[in-house]
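See structure below.
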Amino acid sequence: MDILSVVGLTLAIAAVVVGNALEGGTLSSLLQFTAFLIVIGGTVGAVMLQTPGPIFKLAMQRALWVFKPPQLDYESVIQTVLQWSNTARREGLLGLEPLIEEQTDDFVAKGLQLLVDGTEPEGIRRVLEVELDTREHLEMQAARVFESMGGYAPTVGIIGAVLGLIHVMNNLADPSKLGPGIAVAFVATIYGVGSANFIFLPMAQKLKGLAQQRSRLREMLIEAFASISEGENPRAIETKLRGFFT
């Protein structure tokens, strides 16, 4: 669990709620289901219209990473690479073949397969760099889904505000209906601007950062596979790989 994300979101919402209370407002005045429906429904609908299905699905899956990001243990990866290097030096590259089926990461499995197949170092780099670019592109597209939500939400909030004011104008003769209409109008704007700046845009930036970190780890693996293919000394490989995160 990413405690910083939880604390940050909680702090942002609490600041609005407490600030509203200090101004004499009540919590119930901020809770308007109609405004929520207009803003969130309109925003998600607009993004679904512009986004290909597979990318939207990937974005929804990656949303969980904001609060439970994947663990990127560089030290563990380096130790694993050193084991591969020692195995290759003792048994040859074919000694790595039994390890391929044990891998849960397709990227790692492909790299080991290229080693076992005797692919030249530059060939390994070319193949895996294409894979890296493709994966990074998909991850960035998923992050941009939330970036788009952050762009649409304030505008949809204004639509909600206008709808609320239309409701008010249609009921000028009935003062009892003026209050709820005005509340929806202003709360919709708060929901639009608040969701964009407290949720969607920060989520987009968080996912972009995680995508860059994962790409950096894969760059390190590409260098590791190429170095093993070249028959470099494990100590030299370790020194080279530590340069990726020190």
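The values are calculated or read from the model by the stated rules, or taken from the named source; none is laboratory data. Treat the numbers as computed from the prediction; the structure is a model and nothing was measured. Please note: Cβ atoms are built from the backbone with ideal geometry, for glycine as well, and neighbour counts cover all protein chains shown.
Screening GLU101, GLU129, GLU122 for residues that are loosely packed, with under 15 Cβ neighbours inside 10 Å, at pLDDT below 90 and farther than 20 Å from VAL39 by Cα leaves exactly one candidate, GLU101. Restricting the search to helices (runs of 4 or more DSSP H) fully inside region 1-107 and requiring at least 3 residues that are out of contact with any helix residue (DSSP H, G or I) (no Cβ under 6 Å at 6 or more places or on another chain) and either among the polar types (S, T, N, Q) or within 24 Å of PHE146 (Cα to Cα) (or both) gives 3-22, 33-50, 53-62, 74-91. Residues that are under 28 Å from PRO121 (Cα atoms), touching a helix residue (DSSP H, G or I) at 6+ places or on another chain (Cβ under 9 Å) and of a type outside the set (A, V, I, L, M, F, W, C) within region 204-215 comprise GLN212, ARG214, SER215, listed in sequence order.
Here PRO52 meets each of (1) closer than 28 Å to GLY160 by Cα; (2) at pLDDT 90 or above; (3) surrounded by 13 or more Cβ atoms within 10 Å (Cβ to Cβ) with one exception, condition (3). The residue that is surrounded by the most Cβ atoms within 10 Å (Cβ to Cβ), among those in region 228-246 that are touching a Leu at 6+ places or on another chain (Cβ under 8 Å) and under 16 Å from LEU115 (Cα atoms), is ILE228.
Of the residues making up region 197-243, those that are within 20 Å of GLU75 (Cα to Cα) and assigned to a helix (DSSP H, G or I) number 29.
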